[in-house]
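Derivation of every value follows stated rules applied to the coordinates shown; laboratory data play no part. Keep in mind the model is a prediction, meaning the values are calculated, not measured. So basically every Cβ, Gly included, is an ideal-geometry build from the backbone, and we count neighbours across all protein chains shown.
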Amino acid sequence: MKIYIAGHRGMVGGAILRQLQARKDAGADLTLITRTSAELDLTDQAAVRDFFQAERPDQVILAAAKVGGIVANNSYPAQFIYENLMIECNVIHQAYAAGVTRLLQLGSSCIYPKLAEQPMREDALLTGVLEPTNEPYAIAKIAGIKLCESYNRQYGTDYRSVMPTNLYGPGDNFHPENSHVLPALLRRFHTAAREGAAEVVVWGSGKPMREFLHVDDMAAASLFVMELDKAVYDRETEPMLSHINVGSGTDVTIRELAETVAEVTGFRGRIAFDASKPDGTPRKLMDVSRLARLGWRAAIELQQGIQGTYDWFLAQDADRLRAK
Ligand SMILES: NC(=O)C1=CN([C@@H]2O[C@H](COP(=O)(O)OP(=O)(O)OC[C@H]3O[C@@H](n4cnc5c(N)ncnc54)[C@H](OP(=O)(O)O)[C@@H]3O)[C@@H](O)[C@H]2O)C=CC1
Ligand SMILES: C[C@H]1O[C@H](OP(=O)(O)OP(=O)(O)OC[C@H]2O[C@@H](n3cnc4c(=O)[nH]c(N)nc43)[C@H](O)[C@@H]2O)[C@@H](O)[C@@H](O)C1=O
């Protein structure tokens, strides 16, 4: 089995690669193909065509994307829609053209309407207005689902989609402005604790609720969905409603998250909130019953996952942490 993991240097692709490599080390007959973005720019149609024609993988995991937190999405909307649409179109079409039988692409919980009923079921897709801070990214992610469904309907491929909730863990992006909330707070509270600062500023009101899933759980769920029998996947999904939510099933307020990060990093000062920064969607809790019926549940509890991520963070060379 020859598997191409697109985005293997990213947080999720890296975790998927580690899990597949462990299976290979244990004797599984796997050939794992990877390319950095410098080696293969997935927005380049001709380069992607040449790559697929030369390598002809059996399966593809599409974990490459332009990714960022609320402010990055709001600041670079053109890049978020253009790069993600191009990556999806090129990879999905060229996979089909090269005879790839099965593909798994990663979307995001932001595909659902801003005010979707909670917890958000898969059939909430396209039922309402999106959150404006990440609408361009969400539109690209919705297009990814529809690309897979359309190729399945017209060409008989077996291309699947998982929709992760907010993720965190080793290998995350720790950029102070462009990252997601959890790595941003780990870094900010860590620095404040080290420097004995009196206050840490958290963006927004602290009231939005978010569901967090550890990247090792996400990688396990991705491989679980990828490896389901086609008959089982088809029984649980519909041709035009084929994506599967992946989450932990519980959420916390950003204030609660900040308090947990303060505890883990040993920060004892005051937590302040900067109302000039956007809150984004008020709540984004996934309904994970479709995945539960198929037989998968998250295993890593939030406090334990944050502690593990902080331990990993402390073990890194500070200058070499991903921060872009
Ligand atoms: N992180 C999160 O909280 C969430 C993530 N997701 C989704 O999960 C997937 C993985 O995200 P995550 O691991 O966090 O993202 P990262 O930013 O950690 O990794 C993304 C990877 O994509 C690769 N990439 C980006 N642009 C290109 C390009 N033009 N050509 C080739 N490769 C490219 C990069 O490769 P390189 O390093 O070689 O430059 C990078 O390693 C994405 O689809 C994302 O939308 C969904 C919900 C939440
Ligand atoms: C995964 C998901 O990620 C993004 O959506 P988001 O859920 O809003 O993600 P976020 O992690 O950036 O913020 C979550 C909440 O946390 C608050 N917050 C506090 N302090 C910081 C802070 O320091 N940094 C950040 N980034 N947020 C902070 C912030 O104001 C918001 O209320 C989209 O890219 C979307 O497209 C997407 O898919």
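GNM on the chain, alpha-carbon springs under 10 angstrom: the most fluctuating residue among ALA184, ALA22, ALA138 is ALA22. If you wrap the tightest convex hull around every Cα atom of the chain and split its volume per residue, you get 128 Å³.
With only alpha-carbon pairs counted, each pair once and no self-pairs, how large is the Kirkwood hydrodynamic radius of segment 228-313 in angstroms? Could the numbers behind the result be given before it?
Details: mean 1/r = 0.0619 Å⁻¹.
Value: 16.1 Å, from the Cα pair sum.
Amide H contacts under 5 Å for PHE273: VAL202, restricted to partners 5 or more places along the chain or on a different chain, H placed in the peptide plane at 1.01 Å from N.
Using the alpha-carbon positions of segment 148-259, Rg (one decimal) and Dmax (whole number) come out as 18.7, 61 Å. Taking PRO164, PRO57, PRO132 in turn, the Gaussian network model of the chain (Cα-Cα springs below 10 Å) assigns the largest fluctuation to PRO132.
For the chain, the 222 nm mean residue ellipticity estimated from helices alone, with every DSSP H stretch of n ≥ 4 adding -39500 (n - 2.57) and the total spread over all residues, rounds to -13500 deg cm²/dmol. Distances between placed amide hydrogens fall under 5 Å for LEU103 paired with VAL60, ASP158, TYR159, ARG160, all partners being 5 or more residues away or on another chain.
Going by neighbour counts of Cβ atoms within 10 Å, the residues ASP25, ASP216 line up, fewest first, as ASP25, ASP216.
Mean projection of the Cα convex hull over all viewing directions, computed for segment 150-193: 4.7 nm².
Taking GluC sites (Glu not before Pro) in DSSP loop states with no more than 13 other Cβ atoms inside 10 Å as exposed sites, the chain has its longest site-free stretch at 178-300.
In this structure, the amide hydrogen of HIS175, modeled 1.01 Å from its nitrogen in the peptide plane, lies closer than 5 angstrom to those of LYS324, counting only residues at least 5 positions away or on a different chain.
If you take the square roots of the eigenvalues of the alpha-carbon gyration tensor of segment 47-128 and sort them as a ≥ b ≥ c, do you get rounded (a/c under 1.5), prolate (a/b over b/c) or oblate?
Details: a/c = 3.12, a/b = 1.67, b/c = 1.87.
It is oblate, given that a/c is not under 1.5 and a/b is not larger than b/c.
Taking other C-beta atoms within 10 angstrom as a stand-in for reagent exposure, ASP279, ASP319 fall in the order ASP319, ASP279, fewest first. Largest GNM mean-square fluctuation across THR127, THR34, THR250, computed for the chain with C-alpha springs under 10 Å, falls on THR127. Residues SER150, SER75, SER109, ranked from the fewest to the most other C-beta atoms within 10 Å, line up as SER75, SER150, SER109. The average projected area of segment 1-81, computed from the convex hull of its Cα atoms over all directions, is 6.0 nm².
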